[in-house]
Amino acid sequence: MAGKGNKNAHRKGKESKTLFERIWTLANHRGFVFPSAEIYGGISGLYDLGPLGTKLKNNLVQAWREFFVLKETNPPVYELDGSTILPYEALKASGHLDSFTDPTVSCLKCKKWMRADHLIEDSLGLYVEGMPPEELTRIIRENNLVCPDCGGELSEVTVFNLMLSVKVGPAGGQTAFLRPETAQDIFMDFKRVQQSMRAKLPFGIAQIGKSYRNEISPRQGLMRVREFTQMEIEMFIHPKEIGNHPSFDKVKDIKIRILTREQQEKGETEPVEVTAQESLDKKILPNPYMAYYIAKETIFYQSLGIPYDKFHFRHMMPEETPFYSGGNFDLEVELSIGRKEIVGNAYRTNYDLFNHMKKSGKDLSVSVDGEKVIPEVVEPSFGVERAIYCILEHCYREDDGRGWSWFKFPIKIAPILALVLPLVRREPLMEIAFKTYQTLRENGLDVDYDDRGSIGKRYARADEIGIPFCITIDYDTPKANTVTIRDRDSRKQAVVNKDDLVEIIRKLYTGTIKFDDLVSS
Ligand code: AMP
């Protein structure tokens with residue numbers, strides 16, 4: 001079940017640090033991520049992405065946008081960039097004010113606050129998400145659970161709202177909240193987008209942006225933070241057409257892995273494998289829109305370096321699913337810290353539009369052949385920070401004989417595409433190398449330059465931050481106008497004409513050629 005994992009499974013050999021700790025330390029040292037406001041001690045659950053983390057994030061977001069938004073034509077997907085501050089009424093209507101809560105328990109001795117369900121999971125290995133507070137209190141009492149930090153007695157379990165409030169305007173101001181998900185802007189702007197784009201159902205609205213949750217106990221680095229980036233799509237569908245996705249044929253044969261409710265009831269953990277079409281024939285997924293996204297996500301996460309057999313889609317159990325939902329399927333990735341949700345796929349029905357209509361008094365229905373229709377909604381909701389950690393862990397390599405650990409990032413998301421280096425710190429090699437670096441950058445290729453240390457050390461440093469290619473300017477360059485490209489993964493080298501470099505690096509980036517094509521040519 002979700003969130004569980006053999007606590008020691010990720011300890012490697014004689015190493016005293018867990019895999020998670022090793023990767024997290026590297027991510028800090030190599031400039032991927034640091035605690036926010038660190039010089040003042042920071043606030044738990046808030047992080048800044050450093051130079052490499054920012055590039056990794058931008059590349060990931062760009063890849064997502066291309067795959068899930070820009071290339072989509074039928075249905076089309078429009079974009080939105082909404083406010084992160086939402087009024088009280090909006091979040092009352094969406095249900096967040098009343099039910100966006102987590103169960104908490106506090107230590108009566110040291111006053112530490114904890115998530116009650118996490119405490120039970122960690123101490124007893126029981127998965128209790130969605131259980132009412134009284135049940136959780138009973139489990140804590142029956143099992144004599146105490147504070148994991150000081151052994152103190154624990155309070156009753158209560159619920160805590162996860163939204164962060166802000167005061168807008170002077171003199172006390174109007175109470176508002178930082179948005180807990182990007183979706184609500186989309187629902188409130190639905191009619192505006194539909195009218196301004198003259199959109200017909202079905203169509204989607206996507207938004208990439210920050211969301212905020214006042215997590216009780218942020219933990220596991222980027223996996224549970226208080227400020228994070230979501231990439232969400234709300235797909236609006238005519239209720240009578242929920243069974244027809246116009247482009248379903250494109251994905252129907254894609255294999256997907258699903259952990260069904262029946263399997264979870266039996267305690268099974270190995271998902272079933274079906275094609276997208278079979279998932280509908282066997283009534284595993286509720287509609288072709290859900291199957292379409294799950295199939296696309298299966299392709300997408302593999303392209304980020306997460307192996308096919310390391311993730312699946314878990315049908316959430318009834319107690320974990322909102323009452324209005326037509327089915328929720330979480331993409332869970334196997335990590336050294338357990339199975340973790342990184343995407344939530346939800347069939348939200350017309351719940352959000354309906355409630356915003358009711359509360360605001362505004363008509364958010366669309367007219368189809370003279371009939372007023374409130375669309376149904378299927379939503380894939382992607383978390384960026386969790387995906388970043390999954391990429392770091394699944395692309396991390398050690399003990400492969402090179403003597404250093406490295407990241408095997410897929411070319412299209414690697415923070416730096418190539419590194420240009422003079423073989424030694426001598427002229428004219430340095431000047432040629434720097435000019436080559438400038439030419440590549442002027443041509444829109446995200447490359448870096450390094451002339452410090454031995455060539456071996458520089459190759460190692462490049463591997464350590466996952467740079468796919470090193471371009472070395474050597475003694476042949478001034479004479480024969482050639483440069484040597486080194487491939488990170490195979491460590492093979494290819495000699496190419498310097499004048500072809502921009503084109504070659506561009507083709508390696510787009511995948512039009514493979515590195516081996518250069519070696520054999
Ligand atoms: P949810 O609305 O809870 O289904 O969340 C959608 C996605 O947002 C999740 O699959 C995560 O990838 C991401 N997410 C939610 N909460 C957090 C958090 N506290 N820290 C990092 N990512 C989160």
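The values are calculated or read from the model by the stated rules, or taken from the named source; none is laboratory data. Quick caveat: nothing in here was measured; it's all calculated off a predicted structure. When we count neighbours, we look across all protein chains shown, and the Cβ atoms used for this are built from the backbone with ideal geometry, even at glycine. The protein model used for the area step is the full one, side chains on, heavy atoms only, and it has no ligands, DNA or RNA in it. Shrake-Rupley method; radii C 1.70, N 1.55, O 1.52, S 1.80 Å.
Miscellaneous remarks
- The range 312-341 - residue that is more than 11 Å from the ligand (Cβ to nearest atom) and among the charged types (D, E, K, R) and, of those, farthest from Trp24 (Cα to Cα): Glu319
- Answer from Phe160, Phe177, Phe190 - the residue that is hydrophobic (A, V, I, L, M, F, W, C) and more than 16 Å from the ligand (Cβ to nearest atom): Phe190
- Given (1) open to solvent by 20 Å² or more (accessible area, probe 1.4 Å); (2) of a type outside the set (S, T, N, Q); (3) in contact with a strand residue (DSSP E or B) (Cβ under 8 Å, 6 or more places away or on another chain), number of the condition Lys55 does not satisfy: (3)
- Every residue from the range 214-225 that is near the ligand (Cβ under 7 Å from one of its atoms) and in contact with a Phe, Trp or Tyr (Cβ under 8 Å, 6 or more places away or on another chain): Leu222, Met223, Val225
- Leading residue by the ranking (farthest from Ile391 (Cα to Cα)) among those in the range 320-334 that are open to solvent by less than 20 Å² (accessible area, probe 1.4 Å) and not in a loop (DSSP other than H, G, I, E, B): Phe329
- Residue within the range 78-98 that is within 27 Å of Glu156 (Cα to Cα), open to solvent by 20 Å² or more (accessible area, probe 1.4 Å) and among the charged types (D, E, K, R) present: yes
- As a summary of the residue check, Asp253 satisfies the conditions (1) more than 16 Å from the ligand (Cβ to nearest atom); (2) closer than 28 Å to Leu80 by Cα except for the one numbered (2).
- Count of the range 342-384 residues, restricted to those that are of a type in the set (Asp, Glu) and either surrounded by fewer than 17 Cβ atoms within 10 Å (Cβ to Cβ) or more than 16 Å from the ligand (Cβ to nearest atom) (or both), is 4.
- Candidates in the range 297-319 are the residues that are closer than 20 Å to Val128 by Cα and open to solvent by less than 30 Å² (accessible area, probe 1.4 Å); of these, the one that is farthest from the chain's Cα centre (by Cα) is Met317.
- Residue check, Ile284 among the β-branched types (Val, Ile, Thr), over 21 Å from Val61 (Cα atoms) and at pLDDT 95 or above: yes
- All positions within the range 144-196 that are among the basic types (Lys, Arg) and at pLDDT 95 or above: Arg179, Lys191, Arg192
- Hits in the range 226-249 - residues which are away from the ligand (no atom under 16 Å from the Cβ), of a type outside the set (Gly, Ala, Ser) and either in contact with a helix residue (DSSP H, G or I) (Cβ under 7 Å, 6 or more places away or on another chain) or within 25 Å of Thr349 (Cβ to Cβ) (or both): Phe236, Ile237, His238, Pro239, Lys240, Glu241, Ile242, Asn244, His245, Pro246, Phe248
- Subset tally (residues that are open to solvent by 60 Å² or more (accessible area, probe 1.4 Å), part of a loop (DSSP other than H, G, I, E, B) and under 21 Å from Lys57 (Cα atoms)) for the range 385-409: 1
- Within the range 112-216, helices (runs of 4 or more DSSP H) holding 3 or more residues that are surrounded by fewer than 16 Cβ atoms within 10 Å (Cβ to Cβ): 133-142, 183-196
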